[in-house]
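The values are calculated or read from the model by the stated rules, or taken from the named source; none is laboratory data. Since the structure is predicted, the reported quantities are computational estimates derived from the model, not experimental observations. All Cβ positions, even for glycine, are placed from backbone atoms using ideal geometry, and neighbour counts span all protein chains on display. Note: areas computed on protein heavy atoms with side chains; ligands, DNA, RNA excluded. Shrake-Rupley method; radii C 1.70, N 1.55, O 1.52, S 1.80 Å.
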Amino acid sequence: MDHQMDMGHDNHQMAMGDMDHQDMMMHGGHMMHMGNLKQKFWVSIILTIPILLMTSMMGMTKPLLVFPGSTWVVALIGIILFIYGGQPFFSGAKGELQAKKPAMMTLITMGISVAFIYSIYAVVANNLLANQPHVMDFFWELATLIDIMLLGHWVEMNAITSAGSALNDLAKLLPSMAHKLDPQTGAVTDVALTEIQNDDIVLVKAGEKIPADGQVTKGETAVNEAMVTGEAKQVPKAVNDKVVGGSVNGTGTFEMQVTGTGANSFLAQVMQLVQSAQQEKSAQENLADKVAGWLFYAALTVGIIAFVIWYVNSGLTTALPITVTVLIIACPHALGLAVPLVVARSTSIAAKNGLLIRNRNALEQVKDLRYALMDKTGTLTEGNFIVHEYDSLTTDLTAAQALALFAGLEASSSHPLAQGILTAAQHEKIKIPAATNVAQITGVGLKGDIDGTAYEIVSMAQLEKLQLTYDQAKFQTLASAGNSISFLIAKQELLGYVAQGDTVKPQAQQFIAALKAQHITPVMLTGDNLQTAQKVATTLGIDQIHAKLLPQDKAKLVRQFQQKGKVLMIGDGINDAPSLAQADVGIAIGGGTDLAIESADVVLVKSNPNDVTAFLQLAKQTTRKMTENLWWGAGYNIIALPLAAGVLAPIGFILSPMVGALLMSMSTVIVALNALTLKLGRLD
């Protein structure tokens with residue numbers, strides 16, 4: 001369902017909260033137009049009142065209001081109610097039957113259609129065929145069934161809408177106004193955010209929220225991107241640096257060119273991520289529809305068998321009402337609410353806390369996970385690299401000149417290693433040369449030209465592949481101390497090195513312990529050297545390590561582990577994209593605008609590894625709630641169908657349509673309440 005979001009709108013309406021989108025629901029894999037459920041419900045209630053007054057309940061009570069022609073008035077009102085109140089269910093059933101997959105809406109349509117047709121037959125038989133025995137109508141049951149079904153769907157839509165509206169906090173990160181700058185006159189005009197377009201120049205003052213995604217064109221500052229990336233540190237920003245709408249400017253004032261507004265902005269993509277998650281069908285939702293399909297066929301089968309047996313033993317006048325009763329009560333509306341309400345609640349709880357479930361199937365894979373493969377940098381470590389040592393390895397360069405070349409090549413990179421080098425160069429007050437033709441070398445480093453010379457920044461593994469000699473003992477010692485080492489080369493000559501150390505995240509040890517407690521084996525995957533990886537792994541208690549990996553190597557390892565069991569992959573969402581897509585559950589952690597949301601099942605806006613543990617707990621509780629609700633939703637039919645068919649008739653008990661409807665409504669209330677009780681400690 002396409003929906004272009006205007007992130008600058010003051011109301012920041014989510015798609016599921018808009019009235020147009022309230023009119024749509026997923027059933028049987030098809031979008032069903034629900035109409036204005038609130039209006040349909042109340043109009044149906046008004047139409048139901050005269051029906052209740054002028055008809056008997058289950059044929060056991062006398063009508064409270066009778067006058068000549070009252071039965072025809074009831075029939076007319078019944079026709080209006082059937083067409084108007086039943087329309088949403090007819091639309092849904094049409095989609096299911098076209099797909100040859102009868103499910104929830106087909107069951108409901110069958111129940112109300114049988115009640116309506118039989119009731120019209122009863123009116124005709126009683127009023128125009130006077131020689132016939134009196135036939136009991138089901139207008140009372142028809143009206144109450146439609147009302148209960150509409151109420152159930154209204155409750156469901158309200159629950160989902162409430163879940164969706166909770167996500168509006170993401171949109172509230174944006175200011176309502178922006179300072180638009182005229183590049184020719186320099187005049188600044190305050191305008192509504194809705195008026196800002198791509199390529200506009202806006203002024204951002206100290207302490208203000210950045211109104212849109214953009215690129216700095218003038219000035220310097222530091223930006224707090226914690227609300228977007230989860231990183232609380234101030235990120236330096238200068239000309240040509242990218243900024244994200246919703247982050248908070250520091251003490252500097254700068255000008256920026258807008259590159260992303262509305263549906264193209266980062267926050268809009270995050271919100272769209274949540275919307276698509278709410279619309280997707282999980283495996284158990286599909287199972288719920290399958291169960292409904294089975295019940296549809298079961299009701300038809302039981303109804304036909306009951307009709308034949310009762311017709312043979314008691315005749316048509318007994319067989320037909322019993323058969324109709326079987327078909328009417330076979331409407332497990334609660335089954336339709338069982339999974340969507342739980343998932344809507346689960347998605348809401350997660351998203352409010354920066355845990356965005358993109359693929360709801362991931363929720364059901366968690367219970368079978370055996371391995372958790374994870375990237376080191378940014379996942380288990382802070383990703384804030386500090387230069388511990390640097391030097392030249394040639395007489396042609398000083399140590400400072402070597403560091404300057406490193407910084408020149410890394411100037412345009414947002415990689416944590418690059419930021420560490422730039423910080424060191426700025427601290428040493430080294431003039432950074434301009435580099436051109438800078439490009440990434442996948443799994444190796446990067447290359448670029450400075451003053452006409454082609455340079456490369458490579459890893460230790462690449463030096464070995466290039467067969468360049470170096471002091472292995474010295475660099476093994478540096479690596480063993482937990483340093484990542486980058487080398488500068490030009491014309492197949494080794495020019496210099498930088499050794500940088502990262503720090504383990506304070507939550508990482510608790511996270512690894514939590515995985516082991518759930519019998520999930522942690523496995524570290526990294527492109528770094530083995531010594532550095534080993535130091536982190538030893539600190540955290542990780543036994544399995546795979547180092548010096550290229551992106552394709554990680555994906556290959558995921559496939560290998562999948563032969564032993566289901567695999568969770570956790571990465572930064574950039575270089576880990578192939579492995580995130582390959583894994584049974586892929587989680588992208590941290591990274592801000594660089595999140596590879598298309599390859600991950602779950603995106604963690606914050607970079608706290610404990611959020612992965614929270615997701616695993618939430619997924620397990622969600623799956624448990626789904627299973628409970630499926631039993632509540634379908635369980636009553638297991639009892640109701642045979643009772644309505646008359647298995648206890650020998651002892652004088654046959655389930656009436658009204659009692660069946662009351663049982664159904666009770667199960668609906670139970671699954672709704674059960675879904676709303678889904679909580680998860682600090683996540684809720």
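For the stretch 326-447, what % of the accessible area comes from carbon and sulfur atoms, probe 1.4 Å? Before the final figure, lay out each step's value.
Values: 2220 of 4570 Å².
In the stretch 326-447, the share of accessible area belonging to carbon and sulfur is 49 percent.
Pairs of Cα atoms under 8 Å, at least six residues apart: use those to get the relative contact order of the stretch 172-227, whole percent.
Working: 56 pairs, mean separation 20.3, N = 56.
Over the stretch 172-227, the number comes to 36 percent.
Which links in LYS535/LYS606; LYS218/LYS491; LYS556/LYS606 stretch past 29 Å when you go from one Cα to the other? Mind dumping the intermediate values first?
Working: LYS535/LYS606 25 Å; LYS218/LYS491 37 Å; LYS556/LYS606 27 Å.
Flagged as over cut-off: LYS218/LYS491.
Going by average Cβ neighbours within 10 Å, how do the peptides 318-330, 482-494, 367-379, 506-518 rank, with the highest at the top? The partial results should precede the final answer.
Values: 318-330: 24.2, 482-494: 19.8, 367-379: 22.2, 506-518: 16.8.
Sorting 318-330, 482-494, 367-379, 506-518 by mean packing, highest first, produces 318-330, 367-379, 482-494, 506-518.
Report the residues of the stretch 617-652 in range of a label on LYS290: point 7 Å along Cα→C-beta, backbone N strictly under 18 Å from it.
623-624, 626-635
Can you tell me which of 210-221, 106-117, 248-259 comes out highest on packing, and rank the rest after it, using the mean Cβ neighbours within 10 Å?
Going from most to least packed, we get 106-117, 210-221, 248-259.
Accessible area per residue, 1.4 Å probe, Å², for the stretch 348-396: what's the number? Could you put the intermediate results ahead of the total?
Numbers: 1760 Å² over 49 residues.
Heavy-atom accessible area per residue stands at 36 Å².
Where does each of 62-73, 42-53, 600-611 land if you order them by average Cβ count within 10 Å, highest first? Present the calculation step by step, with values, prior to reporting the outcome.
Working: 62-73: 11.9, 42-53: 16.2, 600-611: 24.1.
Ranked by mean Cβ neighbours within 10 Å, highest first: 600-611, 42-53, 62-73.
Find how much the distance from LEU97 to GLN617 grows on full extension, using 0.36 nm per residue of separation minus their present alpha carbon separation; answer in nm with one decimal.
Working: separation 520, 0.36 × 520 = 187.20 nm, distance 3.75 nm.
Full extension of this stretch gives 183.4 nm more.
If I model a spin label as a point 7 Å beyond the Cα along the Cα-Cβ vector, how far apart are those points for LYS205 and ASN240 in nm?
3.1
Can I get the semi-axes of the stretch 341-406's equivalent ellipsoid? Compute them from the C-alpha gyration tensor as square roots of 5 times the eigenvalues, in angstrom, largest first. Provide the component values of the computation, followed by the final result.
Details: eigenvalues 455, 44, 16 Å².
Those come to 48, 15, 9 Å.
ILE117 to LYS679: FRET efficiency via 1/(1 + (r/R0)^6), r the Cβ-Cβ distance, R0 41 Å, to the nearest 0.05?
Working: r = 45 Å, r/R0 = 1.10.
Approximately 0.35, to the nearest 0.05.
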